[in-house]
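Working notes for the structure below.
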Amino acid sequence: MRKLLLILTVLLAALPSRAQTDTLTLGFCKGQIAAKGRTTAQGKKWISGAIRLTAVTLSPFAGNKIVGVRVGLCSRINIDTLQVWVRTSTTGENLAEGVITARDQPRIAKGWNSVMLNVPIDIATGDEFYVGFSYKQRGSTSAISVVGSATRNACYLDEKGTGKWYDRYRYGCLSVEAVVAGDNLPKYDLALSAPVGIYNPKTGKLNMTAKVYNNATRQVEGFTIQTQISGMDQPATTHVSQRVKPGETVEISYETTPDATAIDGSNQITATISSLDDYEDNDETNNKASTAIAFKQNVLLEEFTTENCPNCPRVAGYLHDVLGMDKYQGQVFAAAHHEMYYDDWLTLQQSVVDGVLTPTDIYSYAMLYNDKGTYAPALMYNRQPWFTSNTGKDTPVALPSSSAEIQSVLDYALALPTNATITSLTARYGDNDTTVVVSVEGICSGAASQGLNITVMLTEDNIDAHTQAGYGEGFVHQHVSRALNGVWGVPVTMNGNRFSYEVAMGLNSHYFKKIQTGSWDEAYRNWKKDDMHIIAFLNTKSASPTGCGILNVESIDFSAVTGIARPAATGAETGVARKELYNLNGTKAGASPAPGVYIERTVYSDGHTTSRKIIK
C-alpha cells in the first residue's frame, strides 16, 4: 500500500501545471484487478495488451490530456520491464510512453502500476487512441488481469509475444486505464453496474447488491438509489451512506421490502442512482442498470454414512457442531443416507408414496461420486460439483477435514443467488396417523422451470445405533433419511412461473433391510414423530454428476403437521367393526397367515380406519 501511495504522489507532482491538478482514470475495468491472471507463453518475450478509447468515449474529455497509464498486474514474477504507451493502432508507433523496471524506483508491483507518459497527449474532438502496455518477461508469468464480462474495445492482446494482436473482448476487461488530467473534467459522476437482487420469501426482504464506480475527480460521501421492480407501481428509495473516492469501485448492499404478491419469478429489477448528496451528477447516463430477480438459496447437506464406517462418527461430529450454529438456523438442513460404504439396517430401499409401496434405493446416488468407487464419510452441498474426485473429475462429493471446512463451503453457498424458491411448505395428517400429506408451493424463473424436479423426504433424529464402527456405546444417528417420494424426485408442473405439488407419504413404512445382526422388530419399529422433519427440495437430474444440483430446499419439523391423528385402536376397543390383515404388497392375508410382518387395518363403526404394522 505504501508503494502504491508513493506512485500516486509522484503522478500528481508531475502534472504539467496548476490548472491540471484534477485527474481521473478512464477505462473499462472500473478500478478492479482479477484474483488470478492469465498465463503467458514460455520464454523471454514482450507481452502486450491494450484498450481502445473511441471518439465517443473520449469526446466528453476533449480539451484535457492523457498524462499516464495505470496497469493492474496479478503478478510481478519474471517481469523485468513494464512499458506503457498510447498509440493510434495496436501495431502503430508510440505517441507517448513511460517505463518502470523491477530494479528502479518506483518498481514493478503486483497490483496497480501508475506510470507517467514522457509527453502528455492532448484529447481533441474525434480523437481515438489505444492505451496499453508491454512487459518484458524472463519466462512464463500469470500477470495479465482481465475482469468483468465481455465488453467491446476492452481487451486487445498479444499474449503469446508473437507480435500478432487479437481482439479478446469475450475474455472481459483488461485492467488498464488512461490517467486523464485537466481543468475541464467532471467533478461528480457515479456509475452503477452489476446489480443483483435476491428475494427471501421467509423474510419478505429483497437484498440488493451493486457496484458503484466514481468516474470523476471529487469524492462522494453518499447517494440515493431508487429500486423499481416490474409489477409494482412505485420504486423503493434508499439512501446509501458510502464514501466513494475518485477512481474507486465499491460494492454496496441494501434491503427493500417489496409487495410479495407482485413477485412471480419473471420480475426485472432496475436500480438507479437518483441523486448525490449535496451535488449534481455530471453524467446521469451511467446511473442505471437492470437485472432479473433471483432468490435466497438454502443448502441441503447430504451425508453418506453407515455403521460399518469407522471414520463416520468424526464427520458426524463436525456436522452436528455446524448445524447447531445460530447463523445456519432455517438456512441449512441435513439428510443422512446409510449407503455407499456398505449398507446397514437403516439403508433406505422403499417408501410408501401416495399409498403405493415404491422402490427408493438410494444406491442410485452412487453416480454422483463420478469415479469407480464410493466411500464414506462424505458430504454433498446442494449436490454442487465444487470438488475433485480421485480420478480428477469434478464431483459434488467431498470428505471434510474439519467443521471449519464445512462452514467455509456453507458460507460460500449461502451467498449465491438461485432462480427457484419454495414459498410454502406445509403438512397435515391423512386419514390417520400413518400418512402425512405434504404440500409444496414455489416460484421459478423461466429458465429454471425446465427439467426441474421436486423431492420430498422424511428424516428422523436420535436413533440409537446398533454397533457403530469407530465408536463405543451410546452413538446416536441423526437426520436419517426415512422416506422419499422418488430418488430423484418427480417433475415439477409449472403454472406460469409458479408451481404447487402435493404428496402423501407413509409413516413407519417397510423399507429397511433385514441383516443378520439386526432384528425385524428393530428395523420396523415405529418412528418417533417428535424427532422427525419434512424436507422438500428442487433439483435437477442428469446423466452427468455435474448436472444433478439442488436449486433450493426448505424444511419443517413434524410439530408443524396439522390435523387430528386418530389414536391407534386396540382389539378390545369398543366401536370396532372389523379387523383386516394385509401383507406388505397390499394383498389381504388369510385366516392363518405365515409368520412375518403385516399391516393390520381396523375399521370402526363410525367409518374411520386406522392401520398399524404388526409381526406374527
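The values are calculated or read from the model by the stated rules, or taken from the named source; none is laboratory data. Since we're looking at a predicted model, the values are computed, not measured. Using ideal geometry, Cβ is built from the backbone for each residue, glycine included, and neighbour counts are taken over all protein chains shown. Only protein heavy atoms, including side chains, enter the accessible area calculation; ligands, DNA and RNA are left aside. Shrake-Rupley method; radii C 1.70, N 1.55, O 1.52, S 1.80 Å.
Points worth noting:
- Residue match in region 226-236 (condition: in contact with a helix residue (DSSP H, G or I) (Cβ under 7 Å, 6 or more places away or on another chain) and either in contact (Cβ under 8 Å) with a residue 40 or more places away in the chain or under 22 Å from residue 32 (Cβ atoms) (or both)): yes
- Single unsatisfied condition, residue 551 versus (1) crowded, with 16+ Cβ neighbours inside 10 Å; (2) assigned to a strand (DSSP E or B); (3) at pLDDT below 70: (3)
- Test: residue 410 is touching a residue at least 60 places away in the same chain (Cβ under 8 Å), surrounded by 15 or more Cβ atoms within 10 Å (Cβ to Cβ) and in a helix (DSSP H, G or I): yes
- Number of residues in region 467-496 that are crowded, with 22+ Cβ neighbours inside 10 Å and more than 25 Å from residue 434 (Cβ to Cβ): the value is 1.
- Check on residue 340, closer than 15 Å to residue 404 by Cα and within 29 Å of the chain's Cα centre (by Cα): no
- Here residue 510 fulfils each of the conditions (1) at pLDDT 95 or above; (2) open to solvent by 10 Å² or more (accessible area, probe 1.4 Å); (3) in contact with a Leu (Cβ under 6 Å, 6 or more places away or on another chain) apart from (1).
- Test: residue in region 91-107 that is in contact with an Asp or Glu (Cβ under 9 Å, 6 or more places away or on another chain), touching a residue at least 12 places away in the same chain (Cβ under 8 Å), surrounded by 15 or more Cβ atoms within 10 Å (Cβ to Cβ) and closer than 18 Å to residue 177 by Cβ: no
One line per residue, one yes/no per condition, for (1) open to solvent by less than 10 Å² (accessible area, probe 1.4 Å); (2) in contact with a Leu (Cβ under 7 Å, 6 or more places away or on another chain); (3) modelled with pLDDT under 95:
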{"residue": "174", "(1), (2), (3)": "yes, no, no"}
{"residue": "206", "(1), (2), (3)": "yes, no, no"}
{"residue": "218", "(1), (2), (3)": "no, no, yes"}
{"residue": "226", "(1), (2), (3)": "no, no, no"}
{"residue": "231", "(1), (2), (3)": "no, no, yes"}
{"residue": "234", "(1), (2), (3)": "no, no, yes"}
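- Complete set of residues in region 123-157 that are of a type outside the set (A, V, I, L, M, F, W, C), over 17 Å from residue 74 (Cα atoms) and open to solvent by less than 70 Å² (accessible area, probe 1.4 Å): 126, 127, 128, 130, 151, 153, 156
- Region 129-145, residues that are of a type in the set (D, E, K, R) and in a strand (DSSP E or B): 136
- Residue in region 424-442 that is touching a residue at least 12 places away in the same chain (Cβ under 8 Å), surrounded by fewer than 20 Cβ atoms within 10 Å (Cβ to Cβ), of a type in the set (Phe, Trp, Tyr) and in a loop (DSSP other than H, G, I, E, B) present: no
- Restricting 479, 466 to those that are more than 15 Å from residue 295 (Cβ to Cβ), modelled with pLDDT of 95 or more and of a type outside the set (Lys, Arg) reduces the list to 479.
- For residue 420, the conditions (1) more than 30 Å from residue 376 (Cα to Cα); (2) surrounded by fewer than 19 Cβ atoms within 10 Å (Cβ to Cβ); (3) under 19 Å from the mean Cα position of the chain (by Cα) are fulfilled apart from (2).
- Filtering region 224-242 for residues that are under 28 Å from the mean Cα position of the chain (by Cα) and part of a helix (DSSP H, G or I) leaves an empty set.
- Filter pass, residue 89 being of a type in the set (Gly, Ala, Ser) and within 41 Å of the chain's Cα centre (by Cα): no
- Filter result for residue 119 (of a type outside the set (Ser, Thr, Tyr) and in a strand (DSSP E or B)): yes
- Matching residues, region 282-297, being assigned to a loop (DSSP other than H, G, I, E, B) and surrounded by fewer than 22 Cβ atoms within 10 Å (Cβ to Cβ): 282, 283, 287
- So residue 537, is it open to solvent by less than 20 Å² (accessible area, probe 1.4 Å), under 21 Å from residue 350 (Cα atoms) and modelled with pLDDT of 75 or more: yes
- Wholly within region 298-386, strands (runs of 3 or more DSSP E) carrying at least 1 residues that are in contact (Cβ under 8 Å) with a residue 60 or more places away in the chain and open to solvent by 40 Å² or more (accessible area, probe 1.4 Å): 350-353, 356-359
- Subset of region 242-273 [more than 24 Å from residue 204 (Cβ to Cβ) and either open to solvent by less than 80 Å² (accessible area, probe 1.4 Å) or in contact with a Gly (Cβ under 6 Å, 6 or more places away or on another chain) (or both)]: 242, 244, 246, 247, 248, 249, 250, 273
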